[in-house]
Amino acid sequence: MTFYDDIYPFYPLQRTAFIVSGRLLAIILVFLMLAVGLLLILPGIRGRTRVFWMLRIMISLFVGVVIVALNFTNSWAEARMTTNATYKSFSNAVIQAEVGLHVGLYGINVTLRGNPIVQFNETINYNEMFSWHDIAEEEYEQALIKGLPNPILYIVEKFTLSSPCGMIFQYSYSGRFASATLWTAFCCWILANILFFLPDVVYAGYMTMATAAFIFFSMASFSTIMNVPRCVFSIGEDSFVTEYSHSFWLALATGVLCTIIGFFVVMLYFLMPEKVKAAFSLSFDSYEDEDEDKSCPEGYLNSVFLNGELHLPLAHKVTPVSWKEISPYCHQEYFLALR
């Protein structure tokens with residue numbers, strides 16, 4: 001048994017393992033506040049329209065938060081394995097740990113978790129973040145100075161500019177274009193929500209399908225990394241390659257959802273435009289005006305009251321009108337005529 005259990009003491013103390021991205025947490029909190037604020041107005045909506053508005057709010061916010069959050073997640077592609085590997089430089093200590101590589105649009109996340117988590121009197125639980133613009137020789141040298149475990153250093157080295165694998169160019173370029181198309185999809189989502197409050201709902205359906213199209217474009221851009229020879233990560237006696245992960249499939253599901261919504265809105269608009277407008281509460285005022293015109297084809301005016309006379313003459317008669325024949329919109333005018 002050597003000093004510090006064969007682990008040299010000049011390494012800095014281990015940092016707390018990364019748990020969740022601050023940007024991702026802020027995005028989720030912002031959309032949750034929007035959801036709560038919009039749901040508070042639901043009690044003021046009467047009838048079955050309340051359920052329809054709730055579905056619109058929840059689906060729209062779900063699509064929006066997914067599009068924004070996908071830019072900052074690190075699970076577009078990932079790989080993990082459990083292996084035996086040397087722990088740190090200048091040490092012969094071999095640990096059993098789970099090594100994971102998580103790829104996002106802006107960088108990678110490398111994890112190392114001991115199995116068991118406490119070995120050699122040390123908690124082995126690392127979660128290191130590296131951005132594309134930082135993964136270069138300088139950042140790699142900083143990782144060496146920190147004394148990060150060998151499995152993490154090995155994976156990060158594959159993403160340096162001097163690596164023969166050239167993975168930094170493949171992942172950074174594909175991630176950059178995927179992020180750009182996702183932000184374009186977010187702009188289309190905003191326009192679609194605005195157009196849903198305008199008379200021509202069909203354009204909102206078109207923009208919803210455009211949102212889905214740009215989500216699919218982002219997936220196609222990221223998929224280009226799978227069409228080139230991929231570098232194999234070999235740690236100990238085991239190896240692994242990256243595969244599609246949760247964010248990629250979530251983007252696919254969101255794109256399909258937007259496609260279905262946009263297609264049905266456009267199809268129903270051409271089949272039954274008036275009902276679609278009524279469903280989205282676009283032409284309530286126009287329908288109300290039309291009902292007023294149809295319900296009140298003629299009015300009843302009290303000429304004596306209009307001339308300023310205080311008492312009605314005995315010969316003055318008011319034409320009797322059946323109460324059922326008067327529309328609710330004309331009650332006020334009818335009472336005025338009887339004054």
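The values are calculated or read from the model by the stated rules, or taken from the named source; none is laboratory data. What you see is a predicted model; the values in this text were computed from it and never measured. Positions of Cβ are backbone-derived with ideal geometry, glycine not excepted, and every protein chain shown enters the neighbour counts. These area figures cover heavy atoms from the full protein model, side chains too; ligands, DNA and RNA do not enter into them. Shrake-Rupley method; radii C 1.70, N 1.55, O 1.52, S 1.80 Å.
Table for the structure above
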quantity	calculated
Top-ranked residue of region 201-235 - restricted to ones that are open to solvent by 70 Å² or more (accessible area, probe 1.4 Å) and farther than 30 Å from Pro151 by Cβ, ranked as nearest to the chain's Cα centre (by Cα)	Phe216
Residue within region 125-134 that is surrounded by fewer than 16 Cβ atoms within 10 Å (Cβ to Cβ), among the small types (Gly, Ala, Ser) and within 30 Å of Ala26 (Cβ to Cβ) present	yes
Leu148 being open to solvent by 10 Å² or more (accessible area, probe 1.4 Å), in contact with an Asp or Glu (Cβ under 8 Å, 6 or more places away or on another chain) and under 23 Å from Phe222 (Cβ atoms)	no
Residue check for Ser21: open to solvent by less than 40 Å² (accessible area, probe 1.4 Å) and at pLDDT 85 or above	no
Thr86 vs. criteria under 17 Å from Glu157 (Cα atoms) and open to solvent by 50 Å² or more (accessible area, probe 1.4 Å)	yes
Per-region count, region 27-52, residues at pLDDT 80 or above and surrounded by fewer than 11 Cβ atoms within 10 Å (Cβ to Cβ)	5
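This table checks each residue for (1) buried (at least 16 other Cβ atoms within 10 Å of the Cβ); (2) at pLDDT 85 or above; (3) in contact with a strand residue (DSSP E or B) (Cβ under 6 Å, 6 or more places away or on another chain).
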{"position": "Pro9", "(1), (2), (3)": "no, no, no"}
{"position": "Val65", "(1), (2), (3)": "yes, yes, no"}
{"position": "Phe72", "(1), (2), (3)": "yes, yes, no"}
{"position": "Thr82", "(1), (2), (3)": "no, yes, yes"}
{"position": "Gly100", "(1), (2), (3)": "yes, yes, yes"}
{"position": "Leu105", "(1), (2), (3)": "yes, yes, no"}
